[in-house]
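As structure tokens, the structure follows; a few thoughts come after it.
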Amino acid sequence: MRTALLLSLIVLSPGLFGQATFDIEGHRGCRGLRPENTIAAFINAVKLGVNTLEMDMQISKDGKIVISHDAFMGSNICSAPDGKPVTQADEEKLKIYTLTYDEIKKYDCGSRGNAKFPDQQKMSTIKPLLSDVIDTVEKYIAEHHLPPVRYNIETKSTPAGDDINHPKPAVFAKMVYDLIKQKGVINKCIIQSFDPRTLQEIRKIDPNITTALLVENIKGLKANLALLGFNPTIYSPNYMLVNKKLVKECHRMKIQVLPWTVNDEKKMIELKQMGVDGLISDYPDREIKVLR
């Protein structure tokens, strides 16, 4: 018990830029090992020993925060209630924003596996609610006396998708903030997004909340920060955009650097040697093996 408590203090106590240890994050839980963005993936990542669970948020027709990368029931991984695979033609009419959660949870998004991840264990599983993920993870950690983990939760939004695939940024941000406040995990949460608008809105609600700007463009640090309008806690670019100069400049501005999504072990080591503050990977077991 004392060991677990000590580990929890090490993981979450403030150090360089608020993060005491190298942040090992499981992408969509641990997509390389378990069905993505599912409770099974998150619990497995906790068992492996990640610092942070990375996940994506969509909003259902009845206003529930659903953990899903895609804005629809994906033809690559999901099966309909009758057991037949969802087709690409089905996706447009199976948008999460147009379905109630009672409808969403009838779809199995794990039994088929994922062709891109042959080591992923196939299992019958659903897209969970954020509230259920938090409750389940917190209960598991408490029961097994494990160190706490953080939740890196992404608002999946674009200007073109407003009121079509998701609510407008101010509404989306408030829904997320209200839930994590209700669950008492604000200090364990990172709000990340490619869409600067939701980060701007969440910051209006709580200027002290941890934010991460996701980046996949080649505009550069200065342009992306100008678009955001403030310095986020974390700058999170595609790992191929990271070099020593970027890391040094971010650290000069007291911004952490957290690349995504790194699955190659040699690249993990190379990036850590550049000075990044953590890595997001589909294979957190690989991260733990080579970086701890």
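Considering Val262, Val290, the condition of being assigned to a loop (DSSP other than H, G, I, E, B), free of Cβ contacts under 8 Å to residues at least 40 places away in the same chain and within 27 Å of Arg34 (Cα to Cα) is satisfied by Val262 alone.
Restricting attention to segment 265-287, the residues being without any contact (Cβ under 8 Å) to a residue 60 or more places away in the chain, outside any loop (DSSP other than H, G, I, E, B) and either among the acidic types (Asp, Glu) or on the phi > 0 side of the Ramachandran plot (or both) number 2. Candidates Lys116, Lys139: the one that is part of a helix (DSSP H, G or I), among the basic types (Lys, Arg) and surrounded by fewer than 17 Cβ atoms within 10 Å (Cβ to Cβ) is Lys139. I'd like to check something: does segment 247-257 contain any residue that is crowded, with 17+ Cβ neighbours inside 10 Å, assigned to a loop (DSSP other than H, G, I, E, B) and of a type outside the set (S, T, N, Q)? So far as segment 247-257 goes, yes, one or more of its residues are crowded, with 17+ Cβ neighbours inside 10 Å, assigned to a loop (DSSP other than H, G, I, E, B) and of a type outside the set (S, T, N, Q). Scan segment 120-136 for residues that are outside any helix (DSSP H, G or I), closer than 24 Å to Gly184 by Cβ and of a type in the set (A, V, I, L, M) and the total you get is 1. Flag set for Lys254, criterion: in contact (Cβ under 8 Å) with a residue 60 or more places away in the chain, more than 21 Å from Tyr151 (Cβ to Cβ), out of contact with any strand residue (DSSP E or B) (no Cβ under 8 Å at 6 or more places or on another chain) and not β-branched (Val, Ile, Thr).
All of the numbers you see were taken from the coordinates with simple rules; none came from a lab. Just so we're clear, the structure is a prediction, and the values are computed from it rather than from any experiment. Ideal geometry is used to build each Cβ from the backbone, glycine not excepted, and the neighbour counts take in all protein chains shown.
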